[in-house]
Structure formats: C-alpha cells, structure tokens
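Accompanying notes for the structure given below.
Derivation of every value follows stated rules applied to the coordinates shown; laboratory data play no part. Everything numeric in this text was worked out from a predicted model, so none of it was measured. Reconstructed Cβ throughout: ideal geometry from the backbone, glycine too, with neighbour counts over all protein chains shown.
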Amino acid sequence: MKFDVLTLFPAFFESPLQAGVLGKALEKQLFHMAIHNLRGWAEAPHFVVDDAPYGGGGGMVMKPEPIRRALDAIRREAPRSRLLLMTPQGRAFRQRDAVGLSREEGLILLCGRYEGIDERVRAWVDDEYSIGDYVLTGGEYAALVIIDAVARLLPGVLGNELSAGEDSFGDGLLEYPHYTRPAEFDGIRVPEVLQSGNHAEIARWRRRERLRRTLERRPELLDEAALSTGDRRLLAELRNRPEEKKE
Ligand code: 6GU
C-alpha cells in the first residue's frame, strides 16, 4: 500500500508518521508514504494556491490548477490509487471504510484548507470523507486519522495479527474491560473469572461485557453488529436486569 498525501502543510505529517506503530511499520517498509507540498505545483514567482471566492464573502478558496498539476504528477506514479478528498461535507468515515480502503493498492489523500476547495476539483475524486461532526482547521487531521485506521489493518503492521479484528468495531461491538496487575488496586478487585485460567469462561465473560458496554454506551451500534443467537439472549438478559448494568 502506498499513501500519497497532497497538502499545504507537509510538516504536519512528520512526527505522527515517525512515532509509534506506524513509524516502525514504515521503517520496515510494510507500506509507503509520500507527502507532497501543493505549493510546489503553484506558479512562480508567487506560488499562489488560493483566491477569493466568486460571489464574495469571507475566506479563501483553494485554486484548481495547482491541485490538477499535482494530481497528474502523483497519478503518473500511482495510476491505480484511489483519490480521497478530506472535507467536512464528506461521508462519515467508519471502520468498514478503513477495511475497504485497506484492500486498495494505493490512496491519494487530498487535504482541503481555508474555506474550501474549488468545486470543480470534486469531479476528480473517488470518495469524500469527513471524520465526524465537528469543524477542524484542515483536512490534514482527517488524513492522519484515515492513514492510521487503514495502515493498522495492513499485514504485519500490528505485530499481533489477532489484534486488528478483535478490537472495538471489528465486529461492531465495543471492547471488554481490560485489567493487569495488581489484582487489587484502589480497593477494586480484578474480576475472579479473569484469574481463573478457565478460557471458555473468560471468553464468555468478555463477550457478555462487550455486549453490556455497547448496550450502555453506544446502543445504536447493536443494530448493525454481527450478533449470534447466544448474543441476543445475553442482550435480552442485560436489558431485563438494568441493576447489573452499572460497573
Ligand atoms: Cl475532513 N476537514 C475539516 N476541515 N473538518 C472536518 C473534517 C475534515 N472532518 C470533520 N471535520
């Protein structure tokens, strides 16, 4: 997988992509990254990338020509990459999008800034994504979020191959509670079952806790979660015994 990012702020991507799991994966060349400075495709001598909006009003709009030239150059090297525009007007990015995108050969992430981007650019993109219902200063934050969510699904990136599928949203449920030593802290004991060594019991407890958490915190996720008959029975129990719902 190759990620090409087109941005006015290339420095933004430096440390997030060096630190942690993604930094390690990049060193091992488990995927590839190129950060392209949009200003490099603007015209000398002033290298203007934005202009006032037709119709007046505040803010500036990103000009289409530098974006076109940049995308033409990036596409020459990555002709089959999917082109994603980061914009608050996009579709909300979800785990299932991360899974779908992780199967692509490459992704080009175009980061919008200023008030917006010339409308004609939208005709060239494959998908438009937002990362949530709040306003950010630029698409760079969204691009980093999407790169992380996709890259961690790529083979080898998470050392432990189990972890990607097991976490929250992999099957549409939140995670179960985690504990490590000591067995008692602040007067709160680690649940006995986790110390029992009974793996079937532990698996049952964890499933039940995942259902409980999702019911308590994000009940709307249950509508789309992959639930077995046993899960549905557990859920009915949890719904009928609300006193047990509080931790
Ligand atoms: Cl992709 N861009 C901006 N500027 N704000 C956002 C966003 C993107 N997604 C959520 N808010």
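For this structure, a couple of remarks:
- Estimated translational D of segment 13-132 in µm²/s (Stokes, Kirkwood radius over Cα pairs; 25 °C; 0.890 mPa s): 153
- Of Ala92, Ala200, Ala142, the one that fluctuates the most in a GNM where the chain has Cα springs shorter than 10 Å: Ala200
- Packing-based exposure ordering (other Cβ within 10 Å, fewest first) of Trp205, Trp124: Trp124, Trp205
- For the chain, the residue among Leu227, Thr180, Gly112 whose Cα projects farthest onto the positive side of the dipole built from Cβ charges is Leu227.
- Considered as an equivalent ellipsoid built on the Cα gyration tensor, the chain has semi-axes of 44, 21, 16 Å, the largest given first.
- Modelled spin-label separation between Asn240 and Tyr54, with each label point placed 7 Å from Cα along the Cα-to-Cβ direction: 6.5 nm.
- For segment 168-240, the Kirkwood radius over C-alpha pairs fed into Stokes-Einstein at 25 °C and 0.890 mPa s yields D = 185 µm² per second.
- The chain - percent relative contact order, Cα under 8 Å, separation 6 or more: 18
- The dipole here belongs to the chain: it is taken about the Cα centre, uses +1 on the Cβ of Lys and Arg and -1 on the Cβ of Asp and Glu, and is about 520 debye.
- Listed by Cβ neighbour count within 10 Å, with the fewest neighbours leading, Tyr134, Tyr141 appear as Tyr134, Tyr141.
- Springs join every pair of Cα atoms under 10 Å in this Gaussian network model of the chain, and among Glu175, Glu105, Glu192 the largest mean-square fluctuation is at Glu192.
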